Amino acid sequence: MLEIRNITKVYNPGSVTERRLFENFSLTVEEGQFVSIVGGNGSGKTSLLNIICGSIPIEGGDVLVDGTSISKLKDYQRYVSMGRVYQNPAAGTCPNLTMLENLSLADNKGKSFNLRRGVDRRRAEGYRAQLRSLGLGLEDHLDVKMGALSGGQRQAVALLMATMTPLRFLILDEHTAALDPKTADAVMTLTDRVVREKKLTALMVTHNLRYAAEYGDRVLMMNQGHVVLDRAGEEKKNTSIDSILGMFNQISIECGS
C-alpha cells in the first residue's frame with residue numbers, strides 16, 4: 001500500500017512567487033490499484049508523482065509504503081521498486097545506445113555492476129521474446145540505436161524497460177501525450193496488459209479523459225492541490241467520459257480558465 005500522509009509542498013518559498021500547492025494533503029493507494037489522475041495544468045498531478053518518486057522535496061508530511069516511510073530515500077533508491085515512464089519518448093532511454101544496450105541497462109537496475117561487461121549477449125534471446133510481445137516487429141533490431149526508433153516504438157520500449165525488473169509501482173507521467181492517436185491507443189493497450197500481468201500498483205497522469213474513463217479501477221480529479229473527484233470499483237466503471245468532462249469544465253469555469 002502506498003500512502004501520502006499530510007504532505008505540504010511550497011514552491012519558491014519566501015519569494016513574491018511563492019505558491020503553496022499542497023497543504024496537509026493525504027492519499028492512500030491500495031495494493032494492485034490502477035489509478036488514473038486527471039486535472040488542469042497546475043492542479044498538482046505531476047507534482048504528486050514527483051513527490052512519490054522523490055524527484056522534489058516536501059516541506060512537511062510523509063510518503064509511506066506498507067507503513068514504512070520512504071521520505072528520506074533518494075529517487076534512485078525508490079526506483080528499486082518503482083518504474084517510471086515519462087511524457088517525452090526521449091526520456092528514460094539513451095538515444096546513442098542500441099536497444100540491446102538500453103535493455104541491458106534496465107535489466108541491471110538495482111544490481112551491482114562491478115568490473116564486468118554491462119551487456120550480456122546470452123540474454124539477447126530473452127530480450128527478443130519481450131520485444132516480440134510488443135507486436136511492433138522490434139525483436140530483430142536489437143542493434144538499432146534507440147534514437148532511430150519512432151516515438152511510439154521508443155515509448156513502448158521505455159515501458160518494457162521500466163518494468164523489466166521486479167517492481168511494485170509503475171508511475172506513468174502523461175506517457176501517451178506526445179504520440180499520435182493510433183500509437184497512443186496501442187501504448188495504452190500495452191500498458192494495461194503490463195499492469196495486469198505483473199500485478200502492479202499504477203498511477204497514471206493523463207489529459208486524455210477517455211483513457212481515464214476506460215482504463216484502471218480508480219479515477220482521481222485534482223484541482224489546486226486537492227482531490228475533487230475520487231471514484232473506484234463499480235462507481236468508477238459507471239463513470240462516463242461525459243461526467244468527467246462536465247466536472248472538468250465546471251471547475252475550469254469556476255477558476256476562470
Subject >> Cα long-axis angle, helix 151-162 against the chain (0 to 90 degrees, to the nearest 10) >> reply: 90 degrees
Original post:
For the Cα atoms of the chain, what angle does the longest principal axis make with the long axis of helix 241-254, in degrees from 0 to 90, nearest 10?
Top reply: 50 degrees
**OP:** Sticking with the crude label model, points 7 Å out along Cα→Cβ, report the distance from residue 198 to residue 26 in nm, one decimal please.
**Re:** 3.1 nm
Original post:
Based on the Cβ-Cβ distance of residue 226 and residue 150, what FRET efficiency does E = 1/(1 + (r/R0)^6) give at R0 = 51 Å, to the nearest 0.05?
Top reply: 0.85
Original post:
With labels modelled as points extended 7 Å from the Cα through the Cβ direction, what inter-label distance (nm, one decimal) is found for residue 165 paired with residue 182?
Top reply: 3.7 nm
**OP:** Treating cross-link reach as a plain straight distance, find the lysines whose alpha-carbon is under 30 Å from the alpha-carbon of residue 237, omitting any fewer than eight places away in the same chain.
**Re:** 45, 182, 198, 199
Original post:
R0 = 41 Å: FRET efficiency of residue 123 with residue 6, Cβ-based, nearest 0.05?
Top reply: 0.40
Original post:
Per the Kirkwood definition applied to all pairs of different Cα atoms, how many angstroms is the hydrodynamic radius of the chain?
Top reply: 19.4 Å
Original post:
region 167-243 to region 71-88: how many Å between their Cα centroids?
Top reply: 19 Å
Original post:
Over region 1-132, what relative contact order in percent results from Cα pairs under 8 Å that are six or more residues apart?
Top reply: 21 percent
**OP:** Return, ordered by residue number, the residues of region 1-43 whose backbone nitrogen is under 20 Å from a label point located 7 Å along Cα→Cβ of residue 68.
**Re:** 1-5, 28-33
Original post:
Quick one: net charge of residue 231's neighbours, Cβ under 12 Å, K/R +1, D/E -1?
Top reply: -1
Subject >> Relative compactness, region 104-238, computed as alpha-carbon Rg over 2.2 N^0.38 Å >> reply: 1.20
Original post:
Given 0.36 nm per residue, what is the gain on full extension from residue 55 to residue 16 after removing their alpha carbon distance, in nm?
Top reply: 11.7 nm
Original post:
For the chain, with every protein chain kept in place, what is the accessible area per residue (1.4 Å probe, Å²)?
Top reply: 50 Å²
Original post:
For the Cα atoms of the chain, what angle does the longest principal axis make with the long axis of helix 181-198, in degrees from 0 to 90, nearest 10?
Top reply: 80 degrees
Subject >> Relative contact order (%) - criterion: Cα under 8 Å, at least six apart; region: the chain >> reply: 26 percent
**OP:** Report, for the chain, the % of DSSP beta bridges that are antiparallel, rounded to 5.
**Re:** 55 percent
**OP:** Per DSSP H run of n ≥ 4, the term is -39500 (n - 2.57); total these for the chain, divide by its residue number, and report the mean residue ellipticity at 222 nm rounded to 500 deg cm²/dmol.
**Re:** -9500 deg cm²/dmol
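The values are calculated or read from the model by the stated rules, or taken from the named source; none is laboratory data. Please read all numbers here as calculations on a predicted model, not as lab measurements. No Cβ is skipped: glycine too gets one built from the backbone with ideal geometry, and neighbour counts run over all protein chains shown. The protein model used for the area step is the full one, side chains on, heavy atoms only, and it has no ligands, DNA or RNA in it. Shrake-Rupley method; radii C 1.70, N 1.55, O 1.52, S 1.80 Å.
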